[in-house]
Amino acid sequence: MAYGKRRFQKYGRGRCRFSRAKVKYVDWKDIQTLSRLSTGQGKMFSRKRSGNCARHQRQFKAAIKYARFMALMPYVAR
Amino acid sequence: MRTYEGMFLLDSGQAVKDWDATVGVVIGVLERYCTELALNVKWEDRKLSYPIKKQKRGTYYLAYFKAPTEAIAQVRADLLLREEVLRFLILARPEDLPIPETLEVTTMIDDEDDDRRGGGRRRRDDRGSRRSGGGRDDSGDDDDNDGDDGDDGDDDGGED
């Protein structure tokens, strides 16, 4: 539990990368950022792995679903 | 009256053949039901992540418009009948977000801001941390061939 906290304290950063960049809304058209936060198979990173805060993880979840619907990102990559 | 963001996936073949007519379908529907068409631009022509209606490529068209809420259902119903529009997505834009004057999709996070450890980009499944529970990593039974690549099958004969 304390591992993540210590790790971020070590680097002297906030936890969420969207909060650090002061992103108000996660843009579902920004495929580069969305694909950076998903696996090669197209699965979303967990909060534990991405380090997102709850608010931005919820926005990221919606954004990746919009991007999948518009065929910008795959539902399942082979 | 709200501001909406609509993305329309158009048939790439028809868009290449006659762009004005293909886009005119979308613009015609939007102008019929919506009050103000703020920004409408061709976004990108790209390969789709999965085929839609047997099409592997598509042209994305992005529009920001203001419309009464009742009009969106009519826009949807009208666009569903159009063969040129493969798929569309209409989202209500948050009130505090301004409509962009020009189309630009910038990356939200810079590369140097990415705090993933290890420097490089890790492309593997999200199940890596489970290995730490077993503690079998340092057991020393590495599967490389440990020296006994002995003399097997010296079939160097039979050439006369």
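Can you name the residue in the stretch B:91-113 that is over 20 Å from the mean Cα position of the chain (by Cα) and within 7 Å of chain A (Cβ to nearest Cβ) and, of all such residues, is modelled with the highest pLDDT?
B:94
Anything in the stretch A:51-71 that is within 9 Å of chain B (Cβ to nearest Cβ) and under 10 Å from the mean Cα position of the chain (by Cα)? List them, or say none.
The answer is A:51, and nothing else.
Hey, can you tell me all the residues within the stretch B:76-87 that are assigned to a strand (DSSP E or B) and open to solvent by 30 Å² or more (accessible area, probe 1.4 Å)?
Of the stretch B:76-87, the ones assigned to a strand (DSSP E or B) are B:85-87.
The one that is assigned to a strand (DSSP E or B) and open to solvent by 30 Å² or more (accessible area, probe 1.4 Å): B:87.
Suppose we keep only residues that are assigned to a strand (DSSP E or B) and away from chain A (no Cβ under 14 Å) within the stretch B:17-75. Which one would you say is most open to solvent (accessible area, probe 1.4 Å)?
B:36
Check B:14, B:55 and return the single one that is among the polar types (S, T, N, Q) and more than 28 Å from residue A:34 (Cβ to Cβ).
Just one listed residue meets the conditions, B:14.
Within the stretch B:2-44, can you find the residues that are out of contact with any helix residue (DSSP H, G or I) (no Cβ under 8 Å at 6 or more places or on another chain) and under 12 Å from residue B:60 (Cβ atoms)?
Answer for the stretch B:2-44, where residues must be out of contact with any helix residue (DSSP H, G or I) (no Cβ under 8 Å at 6 or more places or on another chain) and under 12 Å from residue B:60 (Cβ atoms): B:7, B:9, B:12, B:41, B:43, B:44.
The values are calculated or read from the model by the stated rules, or taken from the named source; none is laboratory data. Just so you know, these numbers come straight off a predicted model, no measurement behind them. Using ideal geometry, Cβ is built from the backbone for each residue, glycine included, and neighbour counts are taken over all protein chains shown. Note: areas computed on protein heavy atoms with side chains; ligands, DNA, RNA excluded. Shrake-Rupley method; radii C 1.70, N 1.55, O 1.52, S 1.80 Å.
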